[in-house]
Structure formats: structure tokens, C-alpha cells
Amino acid sequence: MEAVLAKYENQINVFSEFLEDLPDTDEPVWVLGECYNVKTEKTKLLSDVHSRLWFTYRKKFSPIGGTGPSSDTGWGCMLRCGQMILAQALVCSQLGRAWRWRAEGGQPEEYHRILHCFLDKKDSCYSVHQMAQMGVGEGKSVGEWYGPNTVAQVLKKLALFDDWNSLAVYVSMDNTVVIEDIKKQCRQASRGSRLRPRPCGWGEPFTSGQTPEQACLHTHGNRATMCPHSQSQSRSDWRPLLLVIPLRLGINHINPVYIQALKECFKIPQSCGVLGGKPNLAYYFIGFVGEELIYLDPHTTQSAVESEAGSGVDDQSYHCLRSPRRMKITNLDPSVALGFFCKSEDDFDSWCNLVQQKIQIKRNLRMFELVENHPPHWPPFVPPTKPEVQTTGAEFIESSDKLFESEEEFEILNV
């Protein structure tokens, strides 16, 4: 009965509540690179917001580490926001930004496979169990609150063990995005294994002696056809990129000089949202209207969802059908992490051009730097790789770049 109440709690008075919450304005509403007019495109705007995967506190899951907490209420909000920004990248990679969720069901198989990655159990790649245990290597005990930078480092490490998505997670350091390093990481072979193209084989290794072209052959009657996905890798074997840029945009409060640049981030087509919030209160920001940010709030406790591998997931509690929450930009804590998803190299090149045109116009007011080459005074860049052993990944928590990973080591941006 409790699960039924939780399922329908966020579906009451959905449409009217949404209209009352959003201002009656002619100003555009921006959501993850898409622009809407609230007066003429309400239905499309609702559909977009409802389609974002919503991860909240959960209870009654198996204890973390076997003897740890069985709920993340009160401490796991930034972990849940990290899950949301990563899930958005996976949805864009597997389903496309234009994909929309339907409450009546009938979702593609890739959608359910993405959800399985985040179920609250120890063998799900991006579960709260894996994230909490991997966070130990970042100096965070299980049950301790995370900041945006720490959760980004955790996602970077866990992504190494996800062969299906083969996602490259690049976390910038010292407020600097290095184009050369990103291209080196995204052109890196997929973790030492030869994987089938994702639409055809869910990332299973090829059989011995089998070429990718042979693996993508499908037979229809007596006619063999080549899967079109095997012919789409014209610009190297680029791995989809989730780019995370941890920043501190002030000391105690966000510096107003960065507000316009922050808004521009939500307008870029590659926008994957922003991690941030208030002290010890994390939100996943997905857009803005006027001087207010729009966000998904993980501070709702729901029961853990059980699902067997290979089966569909009861997904009603993974989509927020309440009105989207809003917060004044000036109330934002200065510690944030910007997220962007680039599916191809062309997509990344386009992002670089947009950043230079829209965000880095004023040199002395830049939120972050975008540079072509690896700074010579930095340690050499070595793309992260998965350890060559059988493991879920949480044991491998040491990092060669610990120098740049502490929440206290942000560089204050001068203006």
C-alpha cells in the first residue's frame, strides 16, 4: 500500500499545479538546450520536463556494503543529482534528446536498460551502493554528504566499468577544459574489449575472429543486410562524452557577474544540466526562466524498486509529475558543476565554438577557460582505464589526480 501511495503522490493535480507555478510571462523557458514559450507550448514543455529521469531518496534497499544504511535519506541528495545528470547523458546517447517518456508505457528496451543501471542494488553500475562505496576513495565515508566535484569524480570512475554505454566522463580541473585531453580520451579504444555496436548487441564482446562488420550482419529471409550503425563511424571511434566542469563562482554566494554566462549554459544544445543547490541541499538544475532556475528535487523518499535483470522496470516513480521547482539564481551556492553531453566529435567541436561565442566573450569574466593544448606545467594527461580484473569497480578507488579532487581545492575566480 505504501508503494502505491508513493507512486501516485507525485501525480496529483499535475497540469493545474504546473501552470500556477510557472509565471505568466513572455520570457522564454529554457530546458536543457530547448526553448519554450510557456503561453503557447505548455504541453511540449510539460512533456520535456516529465521525461527527465528523476532520482530521489530511497528506502528499504539492501544495506550498503552489507552492513551499512538501507536508506540514503538525509545524505544522498547529491548522489541522486549525480545520477540524474549521468542518466540524461545516457538517454541522449541511447535514445536522443528528442525522446519523450509516455506514462502509459511502451518504452524502448534501451530505456529500461538505462534504468537498470541505477536501481538501488549493489550490482547496478550507477547505484547508490556503488557511488557511496566509490566515494570512500574521495575521502567520503558512506552516509556523508557530497559536493558537486566529489560526485563528478565518482561518476568518472564508475563509467569505466560500463561497457554497454562506453561513455567517456571528463572532469575538468583548475577551471580549465583542455580540448586536446578530451579528444585523446574520447578516441581511446573501448576499455580493451571489442564491443558490438550498441544498437545491435548491447555491448557484448565479439566472438573470436569476428569482425564488427560480420557482427552487424542481419538476415531477413534469404537476404543479408548490413546494420547501418556499422557504417556510421566516419570520424574515428569517438566515445560519447559527458563533460563535467566543477566551478566555484564566488565565496559565499554566486557572484552576479557569472549569472548571464550560467544562463547561456542552459541554452547550448549540448546542455546536460547543472549540479548545485544550497549548502548541504543538492538540486539538479535543468533550465531557467527569467531570473529563476528550474530544477528537479531529490528530497522525496520513496521505496526502492525491485526488478530482475532483462525485465522492464516499474518506472512511474522515476519521473517527476509535480510542477518543476524554481529558485532565484542569486540564492545558488557558488559551488556547482556544469554538465554537457557530446555524442560525436562534430558535436564537441560545435560545443567549443558555442562556448567561445556565447560564454567566453568577456575575457576577465570567464567562468572557465577553454584551451586547445594541455598546459605544460600540469602532470601528463593519461586517459583513465578500467583495471584488468573482474570486479564491480567500487574497490578501485585510488586516483592519480587526487591533487585536484578535493572540494576545498577550487580556485576562486577573480573578477
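The values are calculated or read from the model by the stated rules, or taken from the named source; none is laboratory data. Bear in mind the structure is a predicted one, so any value in this text is a computation, not a measurement. Please note: Cβ atoms are built from the backbone with ideal geometry, for glycine as well, and neighbour counts cover all protein chains shown. Note: areas computed on protein heavy atoms with side chains; ligands, DNA, RNA excluded. Shrake-Rupley method; radii C 1.70, N 1.55, O 1.52, S 1.80 Å.
Charged side chains reduced to their Cβ positions (Lys and Arg at +1, Asp and Glu at -1) give the stretch 261-338 a dipole of some 460 debye around its Cα centre. Packing around the peptides 75-86, 125-136, 283-294, taken as the average count of other Cβ atoms within 10 Å per residue, puts them in this order, highest first: 75-86, 125-136, 283-294.
For SER335, the residues whose amide H sits under 5 Å from its own are LEU249, ignoring neighbours fewer than 5 places away on the same chain, with H placed 1.01 Å from N. Each semi-axis of the equivalent ellipsoid for the stretch 107-185 is √(5λ) with λ an eigenvalue of the Cα gyration tensor; in descending order they amount to 23, 20, 9 Å.
Both the radius of gyration and Dmax for the stretch 81-125 are 10.9, 31 Å, in that order, over alpha-carbon atoms. Approximating the spin labels as points 7 Å out from Cα along Cα→Cβ, the ILE361-to-LYS184 distance works out to 3.4 nm. Shown in residue order for the stretch 242-258 are the 3J(HN,Hα) couplings computed by the Karplus curve 6.51 cos²θ - 1.76 cosθ + 1.60 at θ = phi - 60°: 9, 9, 10, 10, x, 9, 10, 9, x, 9, 9, 9, 5, 6, x, 5, 9 Hz (x for Gly and Pro). For the listed residue pairs LYS157/LYS343; LYS157/LYS263; LYS184/LYS263; LYS39/LYS267; LYS59/LYS386, the alpha carbons are over 26 angstrom apart in LYS157/LYS263; LYS184/LYS263; LYS59/LYS386. Put simply, the amide H of ARG58, placed in the peptide plane, has neighbours under 5 Å in ASP72, THR73, GLN302, leaving out anything fewer than 5 places away on its chain.
Shape summary of the stretch 144-189, radius of gyration then Dmax from alpha carbon positions: 11.9, 35 Å.
What length, rounded to one decimal in nm, is gained on full extension from ARG100 through to TRP145, with 0.36 nm per residue of separation minus their alpha-carbon distance? List each step's numbers first, then the result.
Working: separation 45, 0.36 × 45 = 16.20 nm, distance 3.21 nm.
Difference between extended and current length: 13.0 nm.
Please report the net charge: other residues with Cβ closer than 12 Å to the Cβ of ASN353, K and R +1, D and E -1. Net of charged neighbours comes to -2.
Given a Förster distance of 30 Å, report the FRET efficiency between SER311 and LYS42 from their Cβ-Cβ distance, rounded to the nearest 0.05.
On the way: r = 35 Å, r/R0 = 1.16.
Calculated transfer efficiency: 0.30.
Spin-label model, ASN331/GLU27: points 7 Å from Cα along the beta carbon direction are separated by 1.5 nm.
With r defined as the distance between the Cβ atoms of GLU369 and CYS35 and R0 fixed at 25 Å, what FRET efficiency is calculated, to the nearest 0.05?
Values: r = 27 Å, r/R0 = 1.10.
It comes to 0.35.
The share of accessible area on the stretch 272-341 that comes from carbon and sulfur is 45 percent, using a 1.4 angstrom probe. The stretch between ASP349 and ASN252 holds 31.5 nm of extra length on full extension. This uses 0.36 nm per residue minus the Cα-Cα distance.
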